[in-house]
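Student: The structure under discussion is supplied below as C-alpha cells; questions concerning it will follow.
Each value in this text was obtained by applying a stated rule to the coordinates, not by laboratory testing. This one's a predicted model, so the numbers in the text were calculated from it and none came from an experiment.
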C-alpha cells in the first residue's frame, strides 16, 4: 500500500487509532469520552443546543428502530 501524495499513510493512521481504542477498557473509554465532552463544553458552554439535542435524539430513535428491524428479521 502506497502513501498518498500528502506523505501520510491514512490507512495506517486509521488502523493505529482503532488498535489503540480497542486496547482500552470500557471504563477508560468512558472517562476519555467524558473528558472530551467537558472540553467541548469549556469551548462552547451552550453546546449542545436544543436543536442539536433534538436531532441527536431523532438519530438515536432511527438507529434503534433499524437495529430492532434487523434483530427481528434474523429471528425469522
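Student: Indicate the gyration tensor shape class of the chain (rounded, prolate or oblate), computed on the Cα atoms with a ≥ b ≥ c the square roots of the eigenvalues: a/c under 1.5 is rounded; otherwise a/b larger than b/c is prolate and the rest oblate.
Tutor: It is oblate, given that a/c is not under 1.5 and a/b is not larger than b/c.
Student: As a test of the formula, what do you get for the chain when each DSSP H run with n ≥ 4 contributes -39,500 (n - 2.57) and the sum is divided by the residue count, at 222 nm and rounded to the nearest 500 deg cm²/dmol?
Tutor: -25500 deg cm²/dmol
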